[in-house]
Structure formats: structure tokens, C-alpha cells
Amino acid sequence: MYRTHNCGELRTSEVGQEVTLSGWVQTIRDKGFIMWIDVRDRYGITQIMLSEETSTPQLMETARTLGREFVIKVTGEVIERSSKSDKIPTGDIEIKVNTLDVLNASKVPPFTIGEETDGGDDLRMKYRFLDLRRSSVQRNIIFRSQLAIATRQYLASNDFIEVETPVLIKSTPEGARDFVVPSRMNGGQFYALPQSPQTFKQLLMVSGFDKYFQIVKCFRDEDLRADRQPEFTQIDCEMSFVTQEQILNTFEGLTKHLFKTTMNVELGDFPRMQYDDAMQQYGSDKPDLRFGMPFTELNDLAKGHGFSVFDNAELIVGICVKGEAANFSNKALKKLEEWMKRPQIGAKGLVNVKFNEDDSVKSSVGKFYDEAQLKAWGEKAGAEAGDMLLILSGETDKTRKQLSELRLELGRRLELIKPGDFKPLWVVDFPLLEWDEESERFHAMHHPFTSPKKEEIPNMLNGDHQTMKNLKADAYDLVINGSEIGGGSIRIHDRALQSKNFELLGFTPEEAEAQFGFLLGAFEYGAPPHGGIAFGFDRLCAVLNGSSSIRDFIAFPKNNQGRDVMIDAPAPISEEQLEELSIGVVMPEEV
Ligand code: ASP
């Protein structure tokens, strides 16, 4: 037998018992006549003890061959420690060793394996299997497992059925490029890996499954931005005979359940915000509501007073920094303006108005506006004595985006976010379509299967270009702390309307038929009204733990170049394989 107990469970109540433990050598303290060794497994650490007094010379000798990360099995008696440690749960006891077996030796690990480590990112990725031995990393992976189990429990108890959908499929447009897999048996043809199981879950509704879920891998070949992975996991769900309201309530219930069971956090009811309001008040479709600072538009007050920058701007909009935090020095303001002017943000300038305690007003545009005018701005923005308005102007969408960046940056810098605070939000009523100036065509804001709001259907079937731009969809996002956690929609379930949507998105009828004929065809066989949602599972793990990195919650993540540096993938394949796949032999450039 390898073990009677794990390394995290022995207490003084077991003193006197003979036990067997197996695990990895974490640290060795050799005082000559006495040795202490910390043995670790995923449950914890237990100290074992050997001494000249209590152990044979042979046992001491074996112990001295050990090194860090050796795998050992020890048998001995649980004894009370003379100097106890409150740092670990087993700190009151140690094991007086009788037998010691080396189960496997280990090379010296490339970095320290403990709660903290001295290993850099690259090294830890290369030796991910060792990084995963560290308790701080293991905790994240164990958390992920608990979250998945809690998800299954909740959905199963609400009559959802878990169905696996295929991984080798045809393109599903979610707005990214597909990863493709060549088919050996069908030379020159390719499968696509699913960007999501979207079309399959809709087909399951046509089949009558009614409530479906799957914790599923999705693949998107995107340029990797920070915190994106080419393969990631969704909690993917679909329901039939439901309204948007019922979907929101069901998944609000799931979210509350997950927070309660994994973190013991009680979330109140989630507020709802229309997409248009989110954009107007926070310049973002995923506002972080852990702090205030909503936008105040100043067009009506600030235009027409001879300040040409404002006079020519489509939008003049500001945020109010409150109290103490608003005591920026001139230098700090200058720095903030420079930060805003960096190409990543691209603001042209940053106007400030300070409302002093003595009721006077000072502004970087004081030349153009008198005190009464500036005070009217302050009033509109709810500024009090001591506060400061920071104002941007320019083209509407860009300016909102820039001010949103400033708001988030100030939230961080001024520490306006309480640690451990969670602020969920439903953003609803997204536009159906998004006009892309560059390619002069519409894109689906969510995806091509999203339904317009019922009352918009006649507009969609008959409207002009401007009408199409303004169509609203039954589409919604779940946002927590400024992260998009989930998104979904009520779907089109009518062939004619779906065809119209493909047409608006620039598909010819032939293209639509070739790519989505199976779905359009299925809609002709009694497709029920349906809708659903998918949660980003990796991101949900991160947000629940107040972490900004999804990578920490993925056992074997890819790096920023989309590489797995441990197994060294992607990698070339042999000429024979290429030939077999009818791909033709690609010569390396240098040849
Ligand atoms: N398939 C969608 C996505 O991946 C989610 C949904 O509409 O249910 O975002």
C-alpha cells in the first residue's frame, strides 16, 4: 500500500498511529543528528523526521540520498511536534520515520516548486507539468473542476441535457477565422474546428431536446490579444419555447448558484442596461460597475462659445473625478493627458475643469468660458466643490471609447475598486447589424442566427439602409466587473427571415445555401422558437478569483504566439503525411 493518509490530513488526533504517506520531497533540513523533510502531495504538506536517536544509520543514509522532488513513501508514527507551526494545517504533528522507500528520483527542478516560485513565465510554460505541482497553480485547476461540476449540477437539476457535438465540422461563423483540418479520405477538402457549437445546438432544438448544455472546447484563429487563447471553453446552452426574459432568469440563476457554491458570495439581482445606454454612459458594451464615474455629455452647454475644438466636435463628453482623488497636480494632469495621447488610445487632448473648495473654478479652457458656464457643466455632471471634470471631444464612437479607457484607468489608479466586489450586469437590446465602413457591408453584431426583436421584423424585411443600421436584436451579454462573461440571443427560426439576414450580411442565396443549407432546410421541418447563451468558462474562472488571466485557469495553455512550448506545437509534419493529405509538399523557406 502506498498510503494510508494524504499529506494534508493528519492532526494531533492521530498521534500514536502508524501511517504511510507518499509524495514529493519539498524541502530537506539536515542538522546532522536530525533531519526534517517536508513531503507534499496535492492535499498538503506533512513534515517527517529522522534522527540518530530514533532511526537506523541505514535509514539516515537513504534519507541523505534524497533531493528535491524525489518521490518517496514513508511509514512511521504520528507524533506531536515540540515546536509547532501554524503555517500549515498539519503543523502540530510530524512523522517519526520507520521505513523510507524511494519510489523515483528526480533531476533538480528548473525552478522552485512551492506556493511562490522563482521561475520565469517561459520556463514555467516549458515545464508546465512541474508548474502544475505548485499549490497556487493546482488550486486554480481544482477550482475550475469545482466550477464545472457545480455548473453540471445546476443545469441538470433544471432539466438540461448534456449533448456532445462534433469537433470536425464545417465553418460556423462567430467572427473569427477557422482552424482547419485536412481530410485524408477526401483529398483537398477540409474540416473546420467549431468556433462554437452554434448551429448544432440549434439543430438539437429542432430535434426537440428543449434544454441543452455542453461544457465544450471552441476554436478561434484570431490574432492573439492578451488574455485570449486559440482554444477555450464555453458553457454552451440552448432552450426552446423561451422568451429572452426566461433565458436571462435561468442564467442569472446559474451565475448566482456558481458564485454561492464556489465562493460563498451572494449576488443580488442583476441590473439590466440597454446597449445604447451602456455606450452613452460608459462608452463600452461591458461597463465595469464596481465604481461610478458615468459620462456626462456637454454638447448643449459647451458648443458655440468660440472654442473651435469643441465647436467642431461631434461629441463633447466628460467624467467627474470626486473629492480627494481630484487633487491632481499640474504635472499629474499633464502625464494623464500624455497617457491619453498615446497611439493606443489616440486622444487629441484632455480638457479639465477644477471646482475649487472656495467656489472658484479653474479650467484648461478658461479662456473660452466664464465661471458661470463652467459651473453649469459641473452641475450637469454632478460635480461638487473639490471635484474635477475631465473632458474629451471628437467623433462620437472614438471619443466614447477613449473616455472609457480613461475611466477604467482612473478606476485602477485611484483604487476605486473594492477587492472582492462583484458587479454583474445584463446588457440587452444590442443592434442586430453593424455597418463596417471599410468593407462597406454589414456584419452580424452577435452572429448571423440572432433574431431581430419581434416588432423589428417588418422593418428588417422592408426597411432601407438606415433602418437596417438601427435594427435591435433580442441579444444580450452578461458582464461581470467589466468582463464579458456570456453572450447569447433569441434565434431566427424561420427560413425566410434567416435567408433575409444572410442577404443583408452579403451572402448570395447560393453561398447561403452552400454554407448553411442544412440549417435553413431544418427550419422547414418545424423548428421551435428557441434561444440560448454561452459563457466563457475560462474567463468566468478568472473573474470569480479576481484574476485578469485566463491562462492561470487552463492546465495546458498556449503562449502569446499560440504555441504550446511544452510539446512544441504547432510543428511541421512529414512529407509523407503532407502527401497523404493531398496538401502538396511545402518546402521550408531557407531550402
Ligand atoms: N455561440 C455564441 C457564442 O459563441 C453564443 C450563443 O449565441 O449562444 O458567442
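The values are calculated or read from the model by the stated rules, or taken from the named source; none is laboratory data. Predicted model, so just to flag it, every value in this text is computed and none were measured. Cβ coordinates were reconstructed from backbone atoms using ideal geometry, including for glycine residues, and neighbour counts include every protein chain displayed. Note: areas computed on protein heavy atoms with side chains; ligands, DNA, RNA excluded. Shrake-Rupley method; radii C 1.70, N 1.55, O 1.52, S 1.80 Å.
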key: region 383-402, subset in a loop (DSSP other than H, G, I, E, B) and in contact with a Cys (Cβ under 6 Å, 6 or more places away or on another chain), residue surrounded by the most Cβ atoms within 10 Å (Cβ to Cβ)   = Ala383
ask   = Would you say Met185 is open to solvent by 10 Å² or more (accessible area, probe 1.4 Å) and not in a strand (DSSP E or B)?
value = yes
ask   = Can we say Ala63 is open to solvent by 20 Å² or more (accessible area, probe 1.4 Å) and either without any contact (Cβ under 8 Å) to a residue 60 or more places away in the chain or within 15 Å of Glu9 (Cα to Cα) (or both)?
value = no
inquiry  = at pLDDT 95 or above and either of a type in the set (Lys, Arg) or in contact with a Leu (Cβ under 8 Å, 6 or more places away or on another chain) (or both): is that true of Phe143 in this structure?
reply    = yes
remark   = Within region 348-363, of all residues that are more than 37 Å from the chain's Cα centre (by Cα) and open to solvent by 70 Å² or more (accessible area, probe 1.4 Å), the one nearest to Ala302 (Cα to Cα) is Lys362
key: Residues (more than 30 Å from Glu266 (Cβ to Cβ), part of a strand (DSSP E or B) and of a type outside the set (Lys, Arg)) located in region 424-444   = Pro431, Leu433, Glu434, Trp435, Asp436, Phe442, His443, Ala444
note = Going through region 20-39 in order, the residues found to be part of a strand (DSSP E or B), surrounded by fewer than 18 Cβ atoms within 10 Å (Cβ to Cβ) and in contact (Cβ under 8 Å) with a residue 12 or more places away in the chain are Thr20, Thr27, Ile28, Asp30, Ile34, Trp36
ask   = What number goes with the only condition from (1) open to solvent by 30 Å² or more (accessible area, probe 1.4 Å); (2) in a loop (DSSP other than H, G, I, E, B) that Phe200 does not pass?
value = (2)
message = Taking the conditions exactly as written (modelled with pLDDT of 95 or more, more than 16 Å from the ligand (Cβ to nearest atom), within 30 Å of Leu544 (Cβ to Cβ) and not basic (Lys, Arg)), does Pro424 satisfy them or not?
response = yes
Flag if Lys418 is more than 16 Å from the ligand (Cβ to nearest atom), of a type outside the set (A, V, I, L, M, F, W, C) and buried (at least 16 other Cβ atoms within 10 Å of the Cβ) = no
key: Criterion (modelled with pLDDT of 95 or more, over 23 Å from the mean Cα position of the chain (by Cα) and within 16 Å of the ligand (Cβ to nearest atom)) met by exactly one of Val163, Val180   = Val163
ask   = Would you pick out the residues in region 354-376 that are closer than 18 Å to Ala325 by Cα and either in contact with a strand residue (DSSP E or B) (Cβ under 7 Å, 6 or more places away or on another chain) or among the aliphatic types (A, V, I, L, M) (or both)?
value = Lys354, Phe355, Asn356, Val361, Lys362, Ser363
ask   = In region 223-282, which residue that is part of a helix (DSSP H, G or I) and aromatic (Phe, Trp, Tyr) is nearest to Val543 (Cα to Cα)?
value = Phe259
note = Those residues of region 66-110 that are over 15 Å from Gln47 (Cα atoms) and acidic (Asp, Glu) come to a total of 1
request  = Kindly indicate whether any position in region 217-232 is touching a helix residue (DSSP H, G or I) at 6+ places or on another chain (Cβ under 6 Å) and away from the ligand (no atom under 13 Å from the Cβ).
outcome  = no
Hits in region 509-526 - residues which are open to solvent by less than 20 Å² (accessible area, probe 1.4 Å), part of a helix (DSSP H, G or I), out of contact with any Pro (no Cβ under 9 Å at 6 or more places or on another chain) and touching a residue at least 40 places away in the same chain (Cβ under 8 Å) = Leu519, Ala522
task = Confirm whether Met263 is more than 21 Å from the chain's Cα centre (by Cα), in contact (Cβ under 8 Å) with a residue 12 or more places away in the chain and over 30 Å from Pro452 (Cβ atoms).
result = no
query = Does region 541-550 contain any residue that is over 13 Å from the mean Cα position of the chain (by Cα), assigned to a loop (DSSP other than H, G, I, E, B) and closer than 30 Å to Phe143 by Cα?
reply = no
ask   = Mind checking which residues of region 495-551 are closer than 28 Å to Ile215 by Cα and of a type in the set (D, E, K, R)?
value = Asp538, Arg539, Arg551
request  = For region 546-553, state whether one or more residues are in contact (Cβ under 8 Å) with a residue 60 or more places away in the chain, more than 16 Å from the ligand (Cβ to nearest atom), open to solvent by 60 Å² or more (accessible area, probe 1.4 Å) and not charged (D, E, K, R).
outcome  = yes
task = Scan region 40-51 and report the pairs whose first residue is farther than 13 Å from Ile95 by Cβ and touching a residue at least 24 places away in the same chain (Cβ under 8 Å) and whose second residue is in a strand (DSSP E or B) and open to solvent by 20 Å² or more (accessible area, probe 1.4 Å), with Cβ atoms within less than 6 Å and a gap of 6+ or a chain change.
result = Arg40/Trp24; Arg40/Gln26
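Let's see how each residue does on (1) under 28 Å from Val206 (Cα atoms); (2) open to solvent by less than 30 Å² (accessible area, probe 1.4 Å):
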| residue | (1), (2) |
| --- | --- |
| Arg441 | no, no |
| Ala444 | yes, yes |
| Thr450 | yes, yes |
| Lys454 | yes, no |
| Ile457 | yes, no |
| Lys469 | no, no |
| Leu478 | yes, yes |
| Leu497 | yes, yes |
| Asn501 | yes, yes |
ask   = Got a number for residues in region 461-520 being of a type in the set (Ser, Thr, Tyr) and within 16 Å of the ligand (Cβ to nearest atom)?
value = 3
key: Lone unmet requirement of (1) within 30 Å of Phe251 (Cα to Cα); (2) open to solvent by less than 50 Å² (accessible area, probe 1.4 Å); (3) part of a loop (DSSP other than H, G, I, E, B) for Ile345   = (1)
